[in-house]
Amino acid sequence: MARRGARAADSPTVARLPTVAARPDRQRLGSAAEERAAQLLRAAGCAILARNFRCRMGELDIVARRGRVLIIAEVRLRSSARFGGAAASISPAKRARILRATRYLLLREPGLADLVVRFDTLLLSTSAGPIEWIEGAF
């Protein structure tokens, strides 16, 4: 019988937080997925200009160029479709951060400003599974 005023951690229904070791494993899987996505882009004739471009406005997973097109590629790995899968994980707020980071990139690198910008997504359900490449996703 539970005591009145018992701490939440004493309750058997409280979920345990993931261990510290779980985070590096997720990062390793994400890095592997991004590497596979970069390989796919290279195989399609794209030159990879940057990976994990970070600024105060956000992060761009992969920045690539094919001809006169600057491709801003968001890589999403989701092992479960429980919350809508990889595509659904790109929220309006995430798209806004990608747009802001892209504007910053274009200001910082004026040589890219003359290119047509396209936002693609590369979706994976497992780090070793097939990649769904959606050109002009948003």
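Using a basic spin-label model with each label point 7 Å from the Cα along Cα→Cβ, how many nm lie between I48 and D25?
2.5 nm
Rounded to the nearest 0.05, what FRET efficiency is calculated for A96 and I134 with R0 set to 25 Å and r the Cβ-Cβ distance?
Rounded to the nearest 0.05, the efficiency is 0.85.
Below 13 angstrom from the Cβ of L99, what's the summed charge of the other residues (Lys, Arg +1; Asp, Glu -1)?
Once all neighbours under 13 Å are counted, the net charge is +4.
All of the numbers you see were taken from the coordinates with simple rules; none came from a lab. Model, not experiment: these values are computed from the prediction. Positions of Cβ are backbone-derived with ideal geometry, glycine not excepted, and every protein chain shown enters the neighbour counts.
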